[in-house]
1. Kindly list, by first and then second residue, each pair from a residue in segment C:22-33 that is more than 21 Å from residue A:12 (Cβ to Cβ) and away from chain A (no Cβ under 14 Å) to a residue that is part of a helix (DSSP H, G or I) and among the hydrophobic types (A, V, I, L, M, F, W, C), limited to pairs with Cβ atoms under 8 Å and residues at least 6 apart or on different chains.
2. So if I check each of C:310, C:283, C:321, which one is crowded, with 24+ Cβ neighbours inside 10 Å and either touching a helix residue (DSSP H, G or I) at 6+ places or on another chain (Cβ under 7 Å) or of a type outside the set (Ser, Thr, Tyr) (or both)?
3. Any chance segment C:106-113 includes a residue that's hydroxyl-bearing (Ser, Thr, Tyr) and closer than 30 Å to residue C:86 by Cα?
4. Among the residues of segment A:38-75, which ones are surrounded by fewer than 18 Cβ atoms within 10 Å (Cβ to Cβ) and either among the hydroxyl-bearing types (Ser, Thr, Tyr) or in contact with a His (Cβ under 7 Å, 6 or more places away or on another chain) (or both)?
5. Within segment C:108-152, how many residues turn out to be free of Cβ contacts under 8 Å to residues at least 60 places away in the same chain, farther than 14 Å from residue C:176 by Cα, aliphatic (A, V, I, L, M) and within 14 Å of chain B (Cβ to nearest Cβ)?
6. Just one of the numbered conditions (1) more than 9 Å from every other protein chain (Cβ to nearest Cβ); (2) over 30 Å from residue B:110 (Cβ atoms); (3) surrounded by fewer than 20 Cβ atoms within 10 Å (Cβ to Cβ) is not true of residue C:213; which one?
7. Taking strands (runs of 3 or more DSSP E) that do not extend beyond segment B:46-122, which have at least 1 residues that are of a type in the set (Asp, Glu)?
8. Have a look at B:169, B:187 and point out the one that is surrounded by fewer than 23 Cβ atoms within 10 Å (Cβ to Cβ) and at pLDDT 95 or above.
Amino acid sequence: MAAKVVHLALFKEEQIDHAAEAIGRLHELGISDQDISVISGIPYSERILGRPMSWTNIGRIGLAGAVLGFLVAAFLNFGTPLLYPIRVAAMGLTPIPTAIVVTFELTMLGLLISTFIGVFVETISPSFGPKGYHPKISDGHIGILFSGPAQLDEKIHTSLSELGAELVHEVEEEKLWL
Amino acid sequence: MAEQKVPQKWGLVVDLDRCTGCNACIAACSMENNIPFVGEDDVAYGRGMYWLYNKREWVGEYPEVKPAFEPVMCQQCGNAPCEPVCPVFASVHSEEEQINLAVYNRCVGTRYCANNCPYHARQFNYFDYEMPEPMNSYLNPDVTVRRRGVMEKCTFCVQRIVRGRQKAAAEGREVQDGEIQPACVQACPAGALVFGDVSDPQSKASQAARDQRRYQLLEELGTLPRVTYLKGGGRYGS
Amino acid sequence: MAAETELMQAAKPVEHAEEDPREHLMFDPRPREEMNRMIMEAMTTTTRRYWIWLIGLGLAVAVLLFGAWGNMILTGIGIAGLRRPVFWGVFIVTFVFWIGISHAGTFVSAILRVFKAEFRRPFTRAAELMTTFGLAAGALYPLIHLGRVWVFYWMIPYPNARWLWPNFRSPLVWDFLAITTYLLSSTIYLYLPLVPDLAMARDRTKGWRHTIYKILALGWRGTEAEWHRLRKAIGIFAFAIIPVMFSVHTIVSWDFAVGMVAGWHSTIFGPYFIVGAILSGVAAVVTILYVLRSTMKHFDYFIRVEHFDALGKLLLVFSMAWAYFFFNEYLVSWYGGDAAIKQVLTLHATGPAAWVWYTMLICNIAIPWLTLWNKTIRRTPWAMFIITLLINVGMYAERYTIIPLTLGHQRSPFDWGIYNPRLTEISIALGTLCLFMFLYLLASRLIPLVPVWEVQEGQMAHRLRKVGKARMPSVTELEE
């Protein structure tokens, strides 16, 4: 499969309506959502731009981490006193009230650390859709990266420029991380 | 070897009507347990390391003022507040002797146990206290010398308890009542301190503990202390 | 008739002064480009004054904190002022103080975010930094106050040849778990919303800064997936870190409350400490915002009088809540408590250190209640700076009352003792304050202190809507 050429249409931050309209026009020209990728300086709900909702596994990863934390806490609370029983005061070896405190802390720790690990792993994993970046994005612009067949180039150019887009042709994928 | 009966439950009885406040118990305890000398300034500031202190209260109106003595040591509580709060298990309940153990090697020095003791019976080693030559020659080899940063307290002379039990086991007999005596009990000239197995109803300590004059310190807190005090006011019986 | 019209004319409706909406940050938008540039300038500008402060504070930390602490490790805890029966003193007081300050960030960035209080936007990061550095300063104390700090790791659960585990029934172990959880989560919670701003900084810098930001920004482009993931993670964190925050200070309060000490064994300590922590923390946020606004370039655009106003109102509410919990504890102990606790209360109010107790009451109750109801005072930054400094002095006095004063006056008068803090303790406490300020100064030049993307998001969401004859502020929820 030949590498697709990626173009970028930049809209200023106030021109959300134009950006949404632009995506509509790209759809009309036959460019599917898989070939479009939107990058922006602030989060826009996918509904604003008429795009399919993104998905993430972070919720599930967080939950798994919470369960792991719970199990570790169960071991520390009930396993360790049974492994090496030491009597203190007239308290039982495995009292429930103290176990609740430890369980709560370790469960939350598991949830939060695993959520972060999820974010980290998902961020550095390869992503789908057109790749490319422009520093103006962090200056608040909305960028629409798209790749389409060469013959549509002119049509796209005209229809997007009408909406006030700044067009950048043949955006290269930059190595933004290591 | 004689059949090992149930471990003894050691208890101490302090007869306040006999106590003269001579502090021989404190001196004996210090010698037996290698208690360091911290110096006048530190003692004045409240850092004396004595495991046993004599609470002296003045009773009565002038000119009939009298001191009332109450030697207080670690009460070896059955429900010790110092035990559950230690993060590293340096203050634990002994299954064998049923007293509270001070594990010097494990203590990291958070001092939570000392705060939680309602009798303020615990001491903390603030410095490495020097024993200049030749004073270090009288150190008791049965007891460790604690370094700075660890808590210490009265142990009912557990080294004597263990030695007594081992001797009895080696000779194939039971431990006799009165055979094992902590240093303070041994030293008291008035015989105000009685030590023994309170689970044996016939021992001297048990009998003394059943006296009508008995009370326990801060009983209402529910610490289940092993030390019983006897106090009749000095005129009891007259 | 004439009298009626006269009356009606006299009773004209009061003219509402048209407040310029551009006084509010959310209604005074500037292009993102310009805001980025302002923040980058603020971050990269270092004046001579900055370097003098930074080096001075660094030296202070080296000498006051690590020097004094090292000396104490070599000599022994005895150079502090601890004694029987006051085995916990200034070390633990300052520990609780720093953990309390650390609740600031979470309150601002999590609770205010969950409640959609839009005024939080420009200072969430500044507050979160306070949490992280407050915890860094506070987390040193469980090490500092140990008698044998070289074996501190025995409190950490790890498998070892002797099968020894720490005592999970001890509040100090819960402390260790809670503070670790809170420190890690709040650092991550600081980092997650920072990523888009790091990407912005990556795009605008060269050299060593560019390398650092490039690594930390994780290749952020701003795709929908990245934003979705970030928002989800921030959402999980915001909701989850609130119970963690409550639990941390509750567990710290349990260090005292589960004990048998008269005056500590109170069920109200949990909520009492939490409210005190939030009061202390929010006051510290205001203090820091004043310093930021006065010293950093362009920060008068981001931090406005409206923020001091809003935080001032919150402070008044929390001061009242604190007074409620304090009085609750006091009344119950004073009315039906046993002789020991009544003695403690008498000591607090009339003993040799009663001035500490009065300082606490004046700074936590009198001063906020006399000043913070007034809008003009709330909208005067330097006044808020002084008031909030005093509130934190009051909160320190509160912890001092609770810890050494109560410990010194327990059930047996023979054992009562007065605690005198010594130079080492004071030095280490000041040293941790200098550490906090030092870390903050460093961070202010290494990461952008204002979350510009959140400010821009807020500005895009705020509009003035004409309702009748007035133009009313309205907020669009862009996140739905």
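1. Short answer, once both residue conditions are applied: C:23/C:305.
2. Answer to the selection: C:283.
3. no
4. A:45, A:54
5. 1
6. (3)
7. In segment B:46-122, B:53-59, B:66-72 are the strands (runs of 3 or more DSSP E) which contain 1 or more residues that are of a type in the set (Asp, Glu).
8. B:187
The values are calculated or read from the model by the stated rules, or taken from the named source; none is laboratory data. These numbers were taken from a predicted model, which means no experiment stands behind them. Please note: Cβ atoms are built from the backbone with ideal geometry, for glycine as well, and neighbour counts cover all protein chains shown.
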